[in-house]
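Undergrad: One structure, as structure tokens, below. Some questions next.
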Amino acid sequence: METRDLAGKPVAFDEDGHMANREDWNEDVARALANEEDIAELTDRHWIVINFMRQEFDAKGDAPSIRKLTKESGVNTKELYQLFPKGPAKKAAKIAGLPKPKGCI
Amino acid sequence: MADPIEKVSIVVSRGSLEGVYPGLIMANGARMEGIEATLFFTFFGLDAIIDKRMDNLKVATVGNPAMHIPTVLGAIPGMSAFATSKMKKEMETLDIPPVREFIEMIHDAGGELYACKATVDMFHLEKKDFCPQVDEIISVGQFYEMSAGSQIIFT
């Protein structure tokens, strides 16, 4: 567990490098996390994915599968990989302030 | 810590439902982690990308001790269809897509799909027999060239 300053406040991270406490999350923190993942700017399309993930996590206790995400959020697979290159499920979960997704699909 | 895996080349050599899925799950899982993935379909594994066959793959109920049913029962007509429909239902609840959708997903995720030339020739197939996601028919030599720096996984 590590704590570092992000968007002007201390934020705790778990051993996977995801945020440890959801209460620490806000949109500025999300932007700072995105920059760390080499995503310069969070567009409306990014926010659709981030918000959908947070909503699903609140309802189910785990981040959605890529399949569910692309079927229900309106962002298709190709676009998802463009928005979050190099590992969309994990990256989007990280930026959304959620733990690493547990699913395989 | 050891270097992370950056690239995988997965060979799919079997054409039963349970023979095809592990390779697809591993390829998709690789892309989800930002790992480059190439799928190489060979021998009966080609059924997973043959347009007319890919929607009808079946679970093998004979010669599969892990099914835990006697071989003679497994050979009863309809047994394979029954096991297949059960497995498909289970997979749907786990959000594992049907073969065609899975192939599309992997392709859209940037995974590459190739058919083995030797098998294509042996079965008298052509590029048009395959689903549109198949990039090319390649020789085993090309496969190795493309797999430079990659972990090769045989399924």
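Undergrad: Anything in region B:89-115 that is among the charged types (D, E, K, R), more than 11 Å from chain A (Cβ to nearest Cβ) and without any contact (Cβ under 8 Å) to a residue 12 or more places away in the chain? List them, or say none. First the steps, then the outcome.
TA: Start the filter on region B:89-115 by keeping residues that are among the charged types (D, E, K, R), which leaves B:89-90, B:92, B:95, B:100-101, B:104, B:108, B:112.
Still in the running and more than 11 Å from chain A (Cβ to nearest Cβ): B:89-90, B:100, B:112.
Selection gives B:89, B:90.
Undergrad: Return the residues of region B:1-15 that are among the hydroxyl-bearing types (Ser, Thr, Tyr) and farther than 13 Å from residue B:46 by Cβ; say none if nothing qualifies.
TA: First pass over region B:1-15, keeping only residues among the hydroxyl-bearing types (Ser, Thr, Tyr): B:9, B:13.
The one that is among the hydroxyl-bearing types (Ser, Thr, Tyr) and farther than 13 Å from residue B:46 by Cβ: B:9.
Undergrad: Now for a different question. With the requirement that a residue be of a type in the set (Val, Ile, Thr) and within 14 Å of chain B (Cβ to nearest Cβ), what does region A:50-71 give you? Break it down into steps so the answer makes sense when it comes.
TA: Going residue by residue through region A:50-71, those that are of a type in the set (Val, Ile, Thr) are A:50, A:66, A:70.
Those that are of a type in the set (Val, Ile, Thr) and within 14 Å of chain B (Cβ to nearest Cβ): A:66, A:70.
Undergrad: Considering only region B:133-155, state which residues are farther than 19 Å from residue B:23 by Cβ and in contact (Cβ under 8 Å) with a residue 60 or more places away in the chain.
TA: B:149
Undergrad: Based on what the data block shows, is residue A:15 in a loop (DSSP other than H, G, I, E, B) and either within 14 Å of another protein chain (Cβ to nearest Cβ) or of a type in the set (Lys, Arg) (or both)? Don't jump to the end; show me each part of the working.
TA: Numbers: in a loop (DSSP other than H, G, I, E, B): yes; either within 14 Å of another protein chain (Cβ to nearest Cβ) or of a type in the set (Lys, Arg) (or both): yes.
Yes.
Undergrad: Just one of the numbered conditions (1) under 23 Å from residue B:30 (Cα atoms); (2) assigned to a helix (DSSP H, G or I); (3) among the β-branched types (Val, Ile, Thr) is not true of residue A:48; which one?
TA: Evaluating residue A:48 over (1) under 23 Å from residue B:30 (Cα atoms); (2) assigned to a helix (DSSP H, G or I); (3) among the β-branched types (Val, Ile, Thr) leaves (1) as the failure.
Undergrad: Still on this structure, I have one more. Among the candidates A:100, A:78, A:86, which residue alone is in contact with a His (Cβ under 8 Å, 6 or more places away or on another chain), within 14 Å of chain B (Cβ to nearest Cβ), closer than 18 Å to residue B:30 by Cβ and surrounded by fewer than 19 Cβ atoms within 10 Å (Cβ to Cβ)?
TA: A:100
We did not get these values from a lab; they are worked out from the coordinates using the rules stated. The structure displayed is predicted, hence computed values, not measured ones. No Cβ is skipped: glycine too gets one built from the backbone with ideal geometry, and neighbour counts run over all protein chains shown.
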